[in-house]
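The values are calculated or read from the model by the stated rules, or taken from the named source; none is laboratory data. Only a predicted model underlies this, so the values are computations on that prediction, with no experimental measurement involved. FYI the Cβ positions are ideal-geometry reconstructions off the backbone, even for glycines, and counts take in every protein chain you see. Areas reflect the complete protein model, heavy atoms only, side chains present, ligands, DNA and RNA absent. Shrake-Rupley method; radii C 1.70, N 1.55, O 1.52, S 1.80 Å.
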Amino acid sequence: MDTLIELVYVVNKNIPRSFENLLPKDSKIRQLFDAILKEKIKDDEEAAAFIYQTRSSDKKYLMLKNNLKKRLTEILLLSEHNEDEGSENIKNKFSFRKKLVITELLLMENVFHNSEKILLKLRQEAENLQLLDIEIECLKQLRTLYCLKGVPKENEKYDQKLKKAINRAEYELKVQGMWENIMSKRKYLLTYNTEIVEDALKYYKEAGVYKKEVKSNTLFIYYLRIELAIYSYYQNHAQVTETLAELNKILGHNQHLNNYLLSVELLAEEATHYRNTADMSKALKTVHNALEMSSYKAFTRFDIQNLHFDILLKCNELEKACQVLHEVKNCRQYPLLDPSDKAAWLIREAYLYFLLKTYQLYPLIEKYTPYFTKKHALMLFEDDCRPIQKDKTGYHLMFIVAGIIINIQKKEYDLEAEANNLMVYYQRYIKDMVWEKTQYFLKSLSKIAKMHPSEYKKFDEKDKIIHTFEKKYNTIYDPCEIVPYLQIMNIILGE
């Protein structure tokens with residue numbers, strides 16, 4: 001069923017003219033398509049019952065399901081992709097490849113006069129649009145064509161051009177591979193860690209050499225994305241601004257190289273940058289733009305809602321944050337998320353609960369965060385957050401902090417073991433990070449957690465801690481800082 005749901009989503013984005021012929025109205029196959037599209041059914045059991053009033057193992061249903069898969073695949077192959085969906089490159093490639101199949105068939109029959117005109121035109125268009133794989137196929141066929149025509153000079157010419165294009169393609173693929181390796185390691189982490197950044201620095205240096213060897217906008221875009229990851233980690237906000245501007249500039253001049261996922265990615269990076277530099281109005285505006293583009297069905301909306309939720313907490317828009325949490329956890333795709341992603345959303349819920357309880361918003365607690373009102377909630381929280389244990393400098397750190405501040409809020413006074421463990425954790429995983437603000441927060445929180453609330457007023461460092469966050473660390477937010485550290489300190493110390 002998951003495959004069908006994805007196919008229905010993609011086909012519905014761009015309904016072709018052949019749609020009504022392949023999926024006629026009032027047919028069983030159209031009924032199944034519409035039911036999936038309108039989310040009337042969630043799985044095979046519901047689908048079989050809806051269409052045939054039978055079980056999912058029934059042969060009639062299985063045949064219908066397989067037929068719908070075949071028809072939808074056929075529609076995708078026959079359809080012209082919509083440029084408005086950021087798929088101009090795909091549309092062009094698809095069109096060009098159809099023509100290349102024709103020219104290849106003609107060359108196999110030793111018919112090359114018409115092929116030559118088609119290939120020369122295609123090759124020029126592919127070069128203009130920087131579709132290197134299409135250009136390589138054109139050059140291969142042109143080399144073969146001039147062999148068949150017996151024109152050695154042209155054959156040699158296109159052989160040399162082909163070698164250069166293949167060399168450029170190798171560089172592009174290498175740098176693409178570097179970026180994809182970084183992102184595969186980053187996938188279930190809150191942010192980049194030292195291991196990823198070490199790889200990124202190595203890749204960045206290597207890609208810089210390739211960038212000088214060949215002129216390729218595709219390679220340069222991957223190079224800039226690696227650069228952005230490095231500057232983001234090191235909190236070099238001025239350079240992040242420049243790199244984002246450079247990426248938007250090159251994509252503005254080469255819109256055929258842009259696509260839906262890259263557009264959403266860059267909006268998310270821009271919103272994150274504004275969030276990190278405490279520019280909440282711009283962060284919120286950019287997130288709203290990203291939300292308009294993103295989709296739960298494409299699984300792009302979850303990351304944007306993560307940012308949205310984070311920003312709303314910082315703006316103290318707690319009811320709106322509740323609504324975001326409710327929307328995410330009740331969307332159809334949420335059960336399909338990786339356990340790490342579900343644990344991350346539970347951690348966000350913990351911080352929301354902490355704020356709701358602080359401001360005594362009990363109706364919102366009852367409606368949106370009842371998990372944390374259960375008996376032994378924090379023990380359940382620990383079990384349910386096990387999938388994020390490997391993210392030591394991200395979600396797992398947020399989990400540990402959430403547990404401590406909720407325990408302080410519950411007036412659990414015997415937290416010396418937790419405070420000591422926090423400092424051991426700090427020494428092992430956080431001490432060598434670049435997050436000076438988080439380091440100061442963790443050391444301060446560890447001291448406070450060891451104290452009884454009656455000692456807070458006599459706490460010698462209380463004013464110093466508050467003043468430091470107000471004056472020294474008031475222009476940035478660290479990646480793990482979902483609730484401002486100053487706000488947490490003010491809540492705990494009763495300011």
By how many degrees, between 0 and 90 and to the nearest 10, does the Cα long axis of helix 132-149 differ from the longest principal axis of the chain?
-> 20
At a 1.4 Å probe radius, carbon and sulfur cover how many percent of the accessible area of the chain?
-> 50
Using the alpha-carbon centroid of each, what span in Å lies between region 235-292 and region 461-495?
-> 27
Rh (Kirkwood; distinct C-alpha pairs) - region 200-277, Å | 12.9
Rounded accessible area of Glu418 (nearest 10 Å², 1.4 Å probe) = 70
Accessible surface, 1.4 Å probe, highest first, among residues Ile408, Ile90, Ile166 = Ile90, Ile166, Ile408
With runs of 4+ DSSP H residues as the only contributors, calculate the mean residue ellipticity of the chain at 222 nm using -39,500 (n - 2.57) per run, divided by the residue total and rounded to the nearest 500.
-> -23000 deg cm²/dmol
Net dipole in debye of region 45-185 [+1 Lys, Arg Cβ; -1 Asp, Glu Cβ; about Cα centre; nearest 20] = 420
Rounded accessible area per residue of region 339-445, 1.4 Å, Å² | 47
Taking all pairs of distinct Cα atoms, average 1/r, flip it, and tell me the Kirkwood hydrodynamic radius of the chain in Å to one decimal place.
-> 26.5
Which aspartates and glutamates have a Cα lying under 17 Å from the Cα of Lys462, excluding residues fewer than 8 positions away in the same chain?
-> Glu470, Glu495
Please determine, in degrees from 0 to 90 and to the nearest 10, the orientation of helix 113-128 with respect to the longest principal axis defined by the Cα atoms of the chain, where the helix direction is its Cα long axis.
-> 20
Accessible area per residue in Å² at 1.4 Å probe, computed on region 97-230 = 55
Which angle from 0 to 90°, rounded to the nearest 10, does the C-alpha axis of helix 301-314 make with the longest principal axis of the chain?
-> 30
